[in-house]
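Okay, here's the structure, questions in a sec.
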Amino acid sequence: PLLHLELALGQCLRKGSIGAWNTISPYLGGVGVGSWMVSVLVSLYYNTVLTWVMWYFINSFQEPLPWSVCPLNENRTGLNEECYESTAVNYFWYRKTLNITPDVTESGTLQWWLILCLATCWAIVYLCTIRGIETTGKAIYVTAIFPYLVLTIFLIHGLTLPGATDGLTYLFTPNLNTLKNPRVWLDAATQIFFSLSLAFGGLIAFSSYNPPKNDCEKDAVTVAIVNSMTSLYASIPVFSILGFKATTGYWDCLDRNIISIINEFDLPEESIMRQNYTAWISSLNSSYPEKIAGLKLKSCDLQEFLDQSVSGTGLAFIIFTQAIILMPGSQAWAILFFIMLFSLGLSSMFGNIEGVFTPLLELQIVSKSIPKELLSGIICLICFLIALCFTLRSGSYWIDIFDSYAGSLPLLVIAFFEVIGVAYVYKIKRFSKDVKWMTGRKPNLYWQITWTFISPLLLLIVFVAFVTLQIQKPPSYAAWNPKYEGFPMKEEKVYPLWVLAICVLLAVLPCVCVPLVALFHLIKRMCRSKD
C-alpha cells in the first residue's frame, strides 16, 4: 500500500517529494523535507559500504586472497598475535580495512586507502547520475540485471557444495523463539523500507517522470512481488554457502577431537571417522571418563555453527568471505561476489541521489542557469567531504550509528505522516479519483482500507515497539578491542552521552521537520490574518 501510494502520488502531481507534499498541503511540506534529509544520510551510508566493497574487490585480485592468511608479526618471528587469536578474515576486516580503534571516542586518523576508494565511488555515482534520470535510467539496466546473473551462478555452485542442504533447512525452518522477539519484526520493517526505498522520496521523484496515464497500481504490485521473490531467490545461494561454511567448521571441529582421541589412546589411524565419532565418544566416555574429561574436547554441534550467521556488514565482509576461501577457485568467486555487491549498492544509490536531486531543482534553491552536470557534481562533492568522517579509524562505529538511527525511526515516522496526509488531509475519496483517472479504475476496498486504517496502525505499533525497546536497554555498541580479556569476542560498550546525543539528533532531526514546517506555516498564516 505504501509503495502504491508513493508511485501514484508522484505520477499524479508530477513533482518530487518536497513539491508533492507542499502541493497536498503546505503544512505537510515537512514530510518531504524529512524524506530528503533521510535520502542524504542514507546516501552517505550506502556509499561508505560501497567503499569497503571496492577495497575488497581490489584485494580479490591478489593470490592468495589477503584475508585467507595471517601476516607475520613485526619481528617476523611468528604470526601476528591479533590475527592468530581471532581469524585471518577478522584481522583483514578490522585491521587491514578499517584499522579500527577500540572505542568510538578514539577517532584516529583518516585511512588513505579508504579515502581513495570513497572518492572513486562518488566519481562513479556522479558519472551515472550526471544528468539525473537521463543517465540513471541507462545505468540501471546493468546494475539491476547483473546481480541476477551472479546470483544464479552462485546458486548453481552453492547447491553442489557439501552442507548446502543443512543451510537451506536452517533457512526454511521457523524458529518460534526468534519470532517472539519484537526486535526481529522491527528489523523486518526496516528491511522492507530499504528494500522498496519507501519514505526516501526517490520513488515519488522517479514516478513523476511516468506517463500521466501509467498503471501505477500494476507497477506497485509487480515491484512488490518481484522484490520479495528476489529476496527469497537471493537467500537460497547465500544460505547454501553458509551451510557449506558451517559444515566445514563442524568437520574441522570433529577432526581436531578425533586426532586428540587417537593420540591419547594410541588408536590406529582412521579407526575413528566422522561417521562413527559419536559411538566412539559414548563408548570411551563410559569406560575412561577421566581421560576423556582431561582431553577437554570441544563440543561440536552443527546447529551452533549455523547459528553463527550474522547480518549486515558482518555477513558480507566476514562470514561470506570466510566461506568463499573454502570454495574451489576462491579468487574468481570473490571477484564475482564483490562486483555483484557493488552493482547492488550502486543501484540503491540512484534512488537516493534522485531523491536528493529532484527537490533541489523543483524548489529552485539553485539557479536554473546552473547545468545539471554541475549541480550533480556539487552534490556528490559535498557528500564526499561529509563522508570523510567514515574513513577515520572509528568510522565503522559511526556507520553503525547511521544505520541504526538515521535509517530506521525517521522512515517509520515519515511513512506514517505520508499515509495520514493522503488519507485524512488530501482525503481518500479525492485520491481514489486521481488514481482512477490515471489507471482507468477506482482503487479497490483493499487499498482504501489499508491506506485509511491498517498501514497507519501497523506503523504506529512498530514505532511504539521501537521506542520501547530503546528505552528498556541503554544503546550500546560492540567494540573490536585486542586488549579485551574476552578477545576475539567483541567488547560490549555503552555510548557516551555526547555520542548518544548525536544518535538522538540523527533519529529526531528528519522527524521534527514535520511539525516544524507545519508550525512555520501556521504562524505565517496567523500573521497574515492579523494584517
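The values are calculated or read from the model by the stated rules, or taken from the named source; none is laboratory data. Here the structure is a predicted model, which is why all the values come from computation and not from measurement. Virtual Cβ from ideal backbone geometry, glycine too; neighbours counted across all protein chains shown. Calculation scope for accessible area: heavy atoms of the full protein, side chains included, ligands and nucleic acids excluded. Shrake-Rupley method; radii C 1.70, N 1.55, O 1.52, S 1.80 Å.
Please count how many residues of the stretch 52-66 are modelled with pLDDT of 90 or more and crowded, with 20+ Cβ neighbours inside 10 Å.
Total meeting the criteria: 6.
Return the residue satisfying two criteria in turn: it lies in the stretch 191-205 and is under 24 Å from THR468 (Cβ atoms) and out of contact with any Asp or Glu (no Cβ under 9 Å at 6 or more places or on another chain), and of such residues it is most open to solvent (accessible area, probe 1.4 Å).
Of all residues in the stretch 191-205, those under 24 Å from THR468 (Cβ atoms) come to 191-194, 198-199.
Of the ones still in play, those that are also out of contact with any Asp or Glu (no Cβ under 9 Å at 6 or more places or on another chain) are 191-194.
Values: GLN191: 107, ILE192: 67, PHE193: 11, PHE194: 36 Å².
Once the filter is applied, the top-ranked residue is GLN191.
Any residue at all in the stretch 160-169 that's closer than 30 Å to ILE461 by Cβ, in a helix (DSSP H, G or I) and not small (Gly, Ala, Ser)? Can you show your working first?
To start, the set of residues in the stretch 160-169 that are closer than 30 Å to ILE461 by Cβ comprises none.
No, the stretch 160-169 contains no residue that is closer than 30 Å to ILE461 by Cβ, in a helix (DSSP H, G or I) and not small (Gly, Ala, Ser).
Can you pull out the residues in the stretch 382-396 that are in contact (Cβ under 8 Å) with a residue 60 or more places away in the chain and either of a type in the set (A, V, I, L, M, F, W, C) or over 18 Å from TYR45 (Cα atoms) (or both)?
If the condition is that a residue be in contact (Cβ under 8 Å) with a residue 60 or more places away in the chain and either of a type in the set (A, V, I, L, M, F, W, C) or over 18 Å from TYR45 (Cα atoms) (or both), then CYS383, PHE384, ILE386, ALA387, LEU388, PHE390, LEU392 are the ones that fit.
This table checks each residue for (1) at positive phi; (2) of a type in the set (A, V, I, L, M); (3) crowded, with 19+ Cβ neighbours inside 10 Å.
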residue	(1), (2), (3)
VAL31	no, yes, yes
GLY34	no, no, yes
THR87	no, no, no
TRP93	no, no, yes
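Still on this structure, I have one more. ALA8: in contact with a Gly (Cβ under 8 Å, 6 or more places away or on another chain), modelled with pLDDT of 90 or more, in a helix (DSSP H, G or I) and buried (at least 23 other Cβ atoms within 10 Å of the Cβ), yes or no? If you could, list the steps in order and put the result at the bottom.
On the way: in contact with a Gly (Cβ under 8 Å, 6 or more places away or on another chain): no; modelled with pLDDT of 90 or more: yes; in a helix (DSSP H, G or I): yes; buried (at least 23 other Cβ atoms within 10 Å of the Cβ): yes.
Answer is no for this residue.
With surrounded by 14 or more Cβ atoms within 10 Å (Cβ to Cβ), out of contact with any strand residue (DSSP E or B) (no Cβ under 8 Å at 6 or more places or on another chain) and of a type in the set (Ser, Thr, Tyr) as the only criterion, which of SER231, SER208 stands out? First the steps, then the outcome.
Details: SER231 fails: surrounded by 14 or more Cβ atoms within 10 Å (Cβ to Cβ).
Only one candidate passes the filter, namely SER208.
Kindly establish whether ALA119 is assigned to a helix (DSSP H, G or I), closer than 20 Å to GLU373 by Cα and touching a residue at least 60 places away in the same chain (Cβ under 8 Å).
Details: assigned to a helix (DSSP H, G or I): yes; closer than 20 Å to GLU373 by Cα: yes; touching a residue at least 60 places away in the same chain (Cβ under 8 Å): yes.
So ALA119 fits the description; yes.
Only one of (1) modelled with pLDDT of 90 or more; (2) in a helix (DSSP H, G or I) is not met by ASN177, so which one is it?
The single condition ASN177 does not satisfy is (1).
What pairs come up if the first residue lies in the stretch 38-53 and is of a type in the set (A, V, I, L, M), the second is surrounded by fewer than 24 Cβ atoms within 10 Å (Cβ to Cβ) and not in a helix (DSSP H, G or I), and their beta carbons are under 9 Å apart, counting only those six or more places apart or on different chains?
VAL38/GLY407; LEU41/GLY407; VAL42/GLY407
Using beta carbons and a limit of 7 Å, which pairs, at least six apart or on different chains, have the first residue in the stretch 454-479 and closer than 10 Å to LEU412 by Cβ and the second one at pLDDT 85 or above and open to solvent by 40 Å² or more (accessible area, probe 1.4 Å)?
So the pair list comes out as LEU459/PHE416; LEU460/PHE416; PHE463/PHE416.
In contact (Cβ under 8 Å) with a residue 60 or more places away in the chain, touching a Lys or Arg at 6+ places or on another chain (Cβ under 8 Å) and on the phi > 0 side of the Ramachandran plot: which single residue out of GLY201, GLY163 fits that description?
GLY163
Moving to a separate point now. Assuming ILE325 fulfils every condition listed in (1) β-branched (Val, Ile, Thr); (2) assigned to a helix (DSSP H, G or I); (3) within 29 Å of SER60 (Cα to Cα); (4) at pLDDT below 85 apart from one, which condition is it?
The number of the failed condition is (4).
When you check LEU469 against the structure, is it open to solvent by less than 80 Å² (accessible area, probe 1.4 Å) and at pLDDT 90 or above, yes or no?
no
Now for a different question. Please find, within the stretch 389-417, the residue that is nearest to PRO474 (Cα to Cα) out of those that are touching a Gly at 6+ places or on another chain (Cβ under 8 Å) and assigned to a loop (DSSP other than H, G, I, E, B).
SER394
Of the residues ILE272, ILE262, which is touching a Phe, Trp or Tyr at 6+ places or on another chain (Cβ under 7 Å), among the β-branched types (Val, Ile, Thr) and surrounded by 15 or more Cβ atoms within 10 Å (Cβ to Cβ)?
Result of the check over ILE272, ILE262: ILE272.
Per-residue answers, yes or no, for (1) hydrophobic (A, V, I, L, M, F, W, C); (2) farther than 25 Å from ILE379 by Cα; (3) in contact with a helix residue (DSSP H, G or I) (Cβ under 8 Å, 6 or more places away or on another chain); (4) part of a helix (DSSP H, G or I):
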| residue | (1), (2), (3), (4) |
| --- | --- |
| TYR27 | no, yes, yes, yes |
| GLY30 | no, no, yes, yes |
| MET37 | yes, no, yes, yes |
| LEU50 | yes, no, yes, yes |
| VAL53 | yes, no, yes, yes |
| PHE57 | yes, yes, yes, yes |
| GLU63 | no, yes, yes, no |
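So if I check each of THR105, THR77, which one is in a loop (DSSP other than H, G, I, E, B), at pLDDT below 90 and either within 30 Å of PRO496 (Cβ to Cβ) or open to solvent by 40 Å² or more (accessible area, probe 1.4 Å) (or both)?
THR77
Kindly indicate whether LEU360 is free of Cβ contacts under 8 Å to residues at least 24 places away in the same chain, surrounded by 14 or more Cβ atoms within 10 Å (Cβ to Cβ) and part of a helix (DSSP H, G or I).
yes
Can you pull out every residue in the stretch 400-426 that is under 17 Å from LEU458 (Cα atoms) and of a type in the set (Phe, Trp, Tyr)?
Scanning the stretch 400-426 gives PHE416, PHE417, TYR424.
Just checking, does the stretch 509-521 include any residue being farther than 26 Å from TYR424 by Cβ and surrounded by fewer than 16 Cβ atoms within 10 Å (Cβ to Cβ)? Reasoning before the result, please.
To start, the set of residues in the stretch 509-521 that are farther than 26 Å from TYR424 by Cβ comprises none.
No: the stretch 509-521 contains no residue that is farther than 26 Å from TYR424 by Cβ and surrounded by fewer than 16 Cβ atoms within 10 Å (Cβ to Cβ).
Would you check which residues across the stretch 475-507 are in a loop (DSSP other than H, G, I, E, B) and either among the polar types (S, T, N, Q) or open to solvent by less than 80 Å² (accessible area, probe 1.4 Å) (or both) and list them?
Listed by number, the residues that qualify are PRO475, TRP480, ASN481, PRO482, TYR484, GLY486, PHE487, PRO488, TYR495, PRO496.
Follow-up question, since we're still on this one. Please indicate, with yes or no, whether at least one residue in the stretch 167-177 is without any contact (Cβ under 8 Å) to a residue 40 or more places away in the chain, aromatic (Phe, Trp, Tyr) and closer than 25 Å to ALA224 by Cα.
yes
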